[in-house]
1. Explain nothing, just compute: Karplus ³J(HN,Hα) = 6.51 cos²θ - 1.76 cosθ + 1.60, θ = phi - 60°, for every residue of region 21-26 in order, whole Hz, x for Gly and Pro.
2. For region 1-39, which chymotrypsin sites (Phe, Trp or Tyr not before Pro) are in a loop by DSSP, counting at most 13 other Cβ atoms within 10 Å?
3. How large is ³J(HN,Hα) for each residue in region 37-42, as worked out from phi by the Karplus curve 6.51 cos²θ - 1.76 cosθ + 1.60 (θ = phi - 60°), to whole Hz, x for Gly and Pro?
4. Give the ranking of ARG45, ARG107 by solvent-accessible surface, highest area first, calculated with a 1.4 Å probe.
5. Please report the accessible area of LYS64 (heavy atoms, 1.4 Å probe, ligands and nucleic acids excluded) in Å², nearest 10.
6. For the chain, give the magnitude of the charge dipole about the Cα centre (Cβ charges: +1 Lys/Arg, -1 Asp/Glu; no others), in debye to the nearest 20.
7. Cα gyration tensor of region 43-85, axes a ≥ b ≥ c as square roots of the eigenvalues: rounded (a/c below 1.5), prolate (a/b > b/c) or oblate?
8. How large a share of the accessible area of region 1-78, in percent, is made up of carbon and sulfur atoms when the probe is 1.4 Å and the other protein chains stay in place?
Amino acid sequence: QVQLVESGGGLVQAGGSLRLSCAASGTLFNIKAMGWYRQAPGKQRELLGSITSGGSTNYADSVKGRFTVSGDNAKNTVYLQMNGLKPEDTAVYYCSMLAGITNYWGRGTQVTVSS
């Protein structure tokens with residue numbers, strides 16, 4: 001029943017910006033936090049940032065100052081605003097949601113940053 005769908009990925013030039021969205025749907029209860037991860041080929045999945053239902057955010061050092069996580073509680077949607085994109089940001093970006101004791105994952109959206 002629960003589904004997370006990422007959108008907004010695509011191809012962008014280095015230095016450009018992109019905004020990803022993640023919409024949660026289905027029977028949703030006790031949502032505690034949502035977050036963004038990314039995974040590049042041959043690398044571990046990396047936590048980029050998260051936001052609690054109360055609006056508190058946290059960021060990885062690698063993206064701090066460039067990426068911003070925000071949320072719309074009414075829409076059960078989180079966003080990832082990415083500025084100053086670099087080729088090394090190229091990866092599949094995943095949305096996650098912690099609801100109760102269960103962690104849900106979206107299918108990911110590809111972000112490719114050209115040099």
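1. 3J(HN,Hα) across region 21-26, in whole Hz: 10, 9, 9, 9, 9, x.
2. PHE29
3. 10, 9, 9, 9, x, x
4. From most accessible down to least: ARG107, ARG45.
5. Rounded to the nearest 10, the figure is 120 Å².
6. Dipole of the chain, to the nearest 20 debye: 40 debye.
7. prolate
8. After summing per-atom areas, the C and S share lands at 46 percent.
The values are calculated or read from the model by the stated rules, or taken from the named source; none is laboratory data. Computed from a predicted structure; not experimentally measured. Don't worry about glycine lacking a Cβ; one is built from the backbone with ideal geometry, like all the others, and counts go over all protein chains shown. When the accessible area is computed, the model is the full protein with side chains, heavy atoms only, and any ligands, DNA or RNA have been set aside. Shrake-Rupley method; radii C 1.70, N 1.55, O 1.52, S 1.80 Å.
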